[in-house]
Amino acid sequence: MSLTILKSFSLDFTRNAPLEYIFAKAGDQNSRILEITPLNSGAAYTIPSGTTARFAAKKPDGTQILNDATISSGEINVTLSEQTLAADGVLVCEVQLYGSNDEVLSSQHFYLRAYPFALSDVESSDEYDSFRTALLAVDAKVTEAEEAIENAEDATSDANTAAALANTKAELANTKAALADQKATEAGNVNIAAEATATGADITVTDRDGVETTVHIDTLTAVETWNDIRNAVRTGIADSLFPVGYEFPVAKTGCGNIVFVVRDHDHHTAANGHLTHTMTLEMKYAFGTSSAYKAIDFDATEAIYYAETELAAGTYYFTVANQAWYTADNTKKFQFTLTNAVPAGGQIVLSMTYNATLEGKSVKTYASASSSTVIETATLTEGDTGTSLGTTDGTGNMNHMHRAIFGSNNYAQSALRQWLNSNAAAGSVWAPQTKFDRAPSWAGAGDSAYAGFMNGLDSDFLAVVEPAVLPCRTNSIHEVNSLDGTTFAVNQTYNLNDKFFLLSRPEIYGTWDSTTYKDGEVLDFYSELTDTERKKYDSFGSVHSAWLRSPYPGNANYERIVGTDGSVYYGNACNGYGAAVACIIA
């Protein structure tokens, strides 16, 4: 009885979503067999006669496996070799089928988790048993350099299709060189060598007479789609193919081509912890359509009061908190009279001018955060007649004055973040995030530019954008919890997992408002730039202030921006500034 463990499962050859983990023990060899049932969109798939199978995997240390598999009674059997399980960690695997007419069909990925073996001292390396098997059939009588080159290129073609896990030729350069060396041994006195270059590899063939012939295999010719680009990122070669500063045009309906620029490699962490490598992109220009620059609010002026229960008709007053930032009415009390009740869930919104007295100004009442219909407008006068609603310091159902005038600088709750990660049509993007939230100026706009940023974006591009882990911080003055129950406190760091995002202050400037509350590190692209070089332009050549995701911590309404001179500055959340959107490929 053989010492084997059989693991049976199914793999689909039409689906992209990876399977869950298959577990094994690092150091085991030839004892674990995968019995794989092939599927076609969930239905049984009959493998045609004459098909051969291979098992391809990338180990956590970057080395690769390409071994033969067997087909028996419609099942694909893979015996895991010692090298396959030599490295502790997660392997990304797939099965590849080769038809008699040079067809290649690859399965969905699956993850193989190799747990450490206490006594294993096997050194992990590449293993290409499929190539070694193929070499047995190579004609040992290669006598001309041209023939050797042809065979070398044939081997590369075979390797490229066999290693569709990467879908690029760059990582196969070493494999090709190893194959060439073995072919040279078979052929007798014919040497083939490979040297990696920035765009691929140079393959040099030396014949029996010492004559050298070199051909260049250009990796970039193998990178034709966004899926190819993602594979280049995942295999760790994107920094060679797409250096910092490299530009990608991405089509978006109504905007023509948005130009994304590579800002760094392996800087942001993918929310999917299985993805090791990332490529950070940022828009070259502030957002706009093909005909105009488009400013966008970070967040709107908020309500001053939230009606947790119905607020009956009557006279009410509130006290202006004593603070240096708003000095016009410090400690004063202002009253107003309502002739209509404010229903539970309704809001009261100030209609005022910053740092000018509230005397003679007004409040407007609304039935909800989403309502734009005013129930009534009431005039403010100094006094304390009626029922107290509280003080404008953010306690209870009274908002902080900063946010009642100029909006919130909490990035997680911002209207802009909703726009960045929405695929909704214009007018359907925004929803209230807190009890004081109000709609930004663009929320109900008919302008299609203010559809969600993802709306109309190239679907192939969207498919390779992965959520990134984004370090964020709060301000030091006032925070309020989200309607979904997410809690926030002042002077807090937290992470978001978003597909599209704004860069932070440190990611562009390399400095923080506080090293205690870090919300990122400088990106390679920005590390040596002057402020002048950091300016944000639209595609028509005009410079604009542009939002960052970092708050100005000394206020509850100021958000960090790239100023028009390129320096780090701040602006009120309700202002309309540019958005240079960022994302990662992983």
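The table below gives the values:
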read-out	value
Cβ-defined net charge surrounding residue 89, 14 Å radius [Lys, Arg +1; Asp, Glu -1]	+2
Charge context of residue 373, other residues only, Cβ under 14 angstrom, K/R +1, D/E -1	+1
Within segment 504-586, chymotrypsin sites (Phe, Trp or Tyr not before Pro) in DSSP loop having at most 14 other beta-carbon neighbours inside 10 Å	540
Mean shadow area of segment 305-398, taken as a quarter of the surface of its Cα convex hull (nm²)	5.5
Segment 351-505: translational diffusion in µm²/s, Stokes-Einstein, Kirkwood Rh over Cα pairs, 25 °C, 0.890 mPa s	137
Within-11-Å neighbourhood charge of residue 578 [Cβ basis; K, R +1; D, E -1]	+2
Order of 429, 259 under a 10 Å beta carbon neighbour criterion, fewest first	259, 429
Stokes-Einstein D (µm²/s) once Rh is taken as the Kirkwood radius of segment 5-127 over alpha-carbon pairs, at 25 °C in 0.890 mPa s	167
Pairwise centroid distance, computed over Cα atoms, of segment 45-62 with segment 526-562, Å	49
Point-charge dipole on Cβ atoms (K/R +1, D/E -1) for segment 305-398, about Cα centre, debye to 20	140
Anisotropy class of segment 490-586 from Cα gyration tensor, a/c 1.5 cut	rounded
Förster-model FRET efficiency, 41 Å R0, residue 491 and residue 8, C-beta, rounded to 0.05	0.15
DSSP beta bridges in segment 5-127 [antiparallel fraction, %, rounded to 5]	70
Theoretical gain in end-to-end length, residue 52 to residue 15 [0.36 nm per residue, Cα-Cα removed]	11.3 nm
Where chymotrypsin sites (Phe, Trp or Tyr not before Pro) fall in DSSP loop in segment 356-445, at most 13 other Cβ within 10 Å	none
Neighbour-count order for 276, 52, 434, fewest beta carbons within 10 angstrom listed first	52, 276, 434
Stretchable slack from residue 533 to residue 341, in nm (0.36 nm times residue separation minus alpha-carbon distance)	63.7 nm
Where labels lie 7 Å past Cα in the beta-carbon direction, separation of residue 29 and residue 247 in nm	5.4
Cα-based equivalent ellipsoid of segment 441-520: semi-axis lengths in Å, sorted from largest, via gyration tensor	28, 18, 13
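Taken together, the values in this text are just the output of simple stated rules run on the coordinates, not laboratory data. Computed from a predicted model, the values in this text were never measured in an experiment. So basically every Cβ, Gly included, is an ideal-geometry build from the backbone, and we count neighbours across all protein chains shown.
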